[in-house]
Amino acid sequence: MHLSPWPSLNRLGSFMKSVYSPGLHFGFALAWCLALEGSLESTLESTFRVRRPNGALSSWSPDRLSGLEVLSLFLVLFFLRAVDEWKDFEYDKKQNPHRPLVTGKSTFTDLYLYLFGAGSLVLMLNLPWLTGRSWIPFLILAADLLYGLFLIIVEKKSGLLRENILLNLLITYPVNVGLSIYVYWMVHEKIGPASSWSGLPILGAFTFAFLNYEFARKTCWPEHAPAGTRLYSSALGPWGAAAASLTFAFGAVGIMTYEFRVMRFLPWISLIPPVLGSWHFSQDRCSQARTSAALADNLLASCSRLFLILFYTTLILCSLLPLSSYADETIMTLNSIKGPPIKPQKYESDFPIHEYFAFQSL
């Protein structure tokens, strides 16, 4: 079948349906962005006494730039999906023959245009005179896109990087972290210089949360693994990979429990699916009547997907809660340590930061 060198909307739709479901990925970008932005804004505001227009601390709520961040994440994730199709072409010919690039439903010309279109659009949307922000968020996204293209060259030249899945993760995962840094910097410019390094633990939590899914989706017992498939369970062993996945989930929830001072029990709800998934994974190995490979492997990954959904959802709920109770609690603690009393009803923006760090160092 002859394909036009210029992709039609039908071919773009077919490509996205095969490897990048728009509804699923937009929902993921929405949850990821709102959870991260809300977590950063609500925890940093309560720490540094950022004053809202009404003069007092209030709960976080999305705004116009939140929509821009969601759309930017969606477009960059599509860009990176196209990058993966390009760099994994030879591998997919053996392991994933249904991929659109392998079957011929999409061409490399299509792929180049998808990359150019998504990259150009996301950079245009983040120009400073459109966002009211500095050039830094724009440059973060540009660096992320360029690094994604750089990975194509690196993987084609390095056999070790292609075959060693842990080294591959170490080199490729920064493109995911880069998107969290973009959201972080957008929030930082809203909060102010006092927040420069204070949100880094939250970035770590979101990194751990997705690593839980990354490990879970590439972990299975040896008898279930198709020949030649790159799996974390091949590098670490099934028990090691499953344990790493579960550890990342607990690490993410633990960090966020420390960061939030209200409704801190909510994120722990998200641990139910990965715990149950890991239990089922171990039982599948021990049982003489094992489930099918597809069910066993997909269940672990499905539980991790549910973990991400619950993790993001509970963080959004925590972010939407009023912060006054935490603010008053912190002020009462500071008053008990030293210095003149701080009146909780004012919440001035010139909160004595040195008092906060003195408290933290105890």
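None of the figures in this text is laboratory data; all of them are computed from the coordinates on show. The structure displayed is predicted, hence computed values, not measured ones. So basically every Cβ, Gly included, is an ideal-geometry build from the backbone, and we count neighbours across all protein chains shown.
General observations
- Value of relative contact order over the stretch 199-321, rounded to a whole percent, pairs C-alpha under 8 Å and six or more apart: 31
- Between the stretch 243-260 and the stretch 136-172, the alpha-carbon center distance in angstrom: 26
- Comparing the stretch 199-321 with the 2.2 N^0.38 Å rule of thumb, its C-alpha radius of gyration ratio is 1.11 (two decimals).
- Among 106-115, 182-191, the order from most to least packed when residues are scored by Cβ within 10 Å on average: 182-191, 106-115
- Per the Kirkwood formula applied to alpha carbons, the stretch 104-183 shows a radius of gyration over Rh ratio, Rg over Rh, of 1.05.
- Each residue of the stretch 26-36 is assigned a 3J(HN,Hα), and the resulting list reads 5, x, 5, 4, 5, 5, 4, 5, 5, 5, 5 Hz, derived from the Karplus form 6.51 cos²θ - 1.76 cosθ + 1.60 (θ = phi - 60°), x at Gly and Pro.
- A simple count of charges around SER134, restricted to other residues whose Cβ falls under 13 Å of its Cβ and scoring Lys, Arg +1 and Asp, Glu -1, yields +1.
- Loop-located trypsin sites (Lys or Arg not before Pro) in the stretch 89-142, at most 10 other Cβ atoms within 10 Å (DSSP): none
- Check: the stretch 199-321 dipole with +1 on Lys, Arg Cβ and -1 on Asp, Glu Cβ, in debye: 60
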